[in-house]
Amino acid sequence: MDESSSFNHTDEDSTKKLMEEEIDKISGLSDPVLHHILSFLPTKYSVRTSILSSRWRHLWASVPTLRFDQKDFIVKPHFMDFVEGVLFLRDWSLPVRKVRLRCYDGAEFFRTTTWIRVLSRRSGLQELDLGAHPSPLDLHALPAELFWLNSLVKLKLNLHCHCSLVVPSVIHLNNLKSLHLKWVQFDDDQSVARLLSGCPQLEELIIEECNRVPLHNIVISGRFLKKFTMIETTNDEDDYDYYEDEVHGCMLTIDAPNLVVLNCCIEMPPAVIVGRLPCMEAADINLKSHNRDDNYCHMICELLKGVCETKVLRLSNSSMEEFEYHSKGYTKGYTGADEDKR
């Protein structure tokens, strides 16, 4: 081997070594940094990093964020076994801060409640995003421990099939700031009031596609509530009349003096009672109804009185034009309208 070949061989070795060092720099990062990186991955893939090297072997077991989605598994039992395996092998000396769980097997809903119970009994959980498909006849309620989590800041419950949400008599969600309920049914008016009273620091409330039967009056109240969204949609016109009859009789009362943003797209209730909202900055309101009689017009007027101090108002309906309300008055806006027409 001549000197030139020897030099090239040495140079290649040095380059390869340098590249390996560059590639492996990530392994030299501290555990908190690596935990942060892994927290953006579904837990299924976070666990797979254990095969990279001894440095990564146990990192997944202490990642503060857990992300489970049944869609990531072809075989349903594999998903169930995987979740339980992770919870069993996890290093519980470090807290779990965020959990995102998607379970679409109604027959296994009772196992989902067990997982929630395990997580709720551990301190430090701040965010829980639960999406489940329990059977409409499933009698399994979410564990009461979930409603006693003082550390919880953000809670999202997406229970398909209008699963009844059994609210315990005692609730201690003292630090909850954001609550998002989707496809949930309350048993009675008192359960709604009990849930909100147990969240004294609540700032954002989203009620989406929640069944208003058998409620009579949904009272939205909260001293610190700043954002309230309520959305209901009907996709089939043939079912509209049935849906209208179904929700008929349930009033909506809003008593939140510090409310800043209101977004309400619902089937028109028999009454909307709105207290004074001096902090209101923006409101987007759509009350849907096929029967626009005098009562409908009266309700719209009463609702406008309640939000009259807002800076921007968007009022829409399939048969109504759009309005924009400004602090100096309101502008009736539609395609081709003069902007200076007051």
Inset, instruction - Grab the other residues whose beta carbon is less than 14 angstrom from that of MET280, score K and R as +1, D and E as -1, and report the net. - result: +2
Legend entry - Over 20 Å (Cα to Cα) - which of LYS44/LYS182; LYS98/LYS177; LYS156/LYS311 fall in this group: LYS44/LYS182; LYS156/LYS311
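Once the other residues with Cβ under 14 Å from the Cβ of ILE171 are scored (Lys, Arg +1; Asp, Glu -1), what is the net sum? Intermediate results must be reported in sequence, preceding the final value.
Working: positive: ARG194; negative: GLU145.
Residues near ILE171 contribute 0 overall.
We did not get these values from a lab; they are worked out from the coordinates using the rules stated. These figures come from a predicted structure and were not determined experimentally. Here the Cβ is made from the backbone with ideal geometry for all residues, glycine too, and neighbour counts use every protein chain on show.
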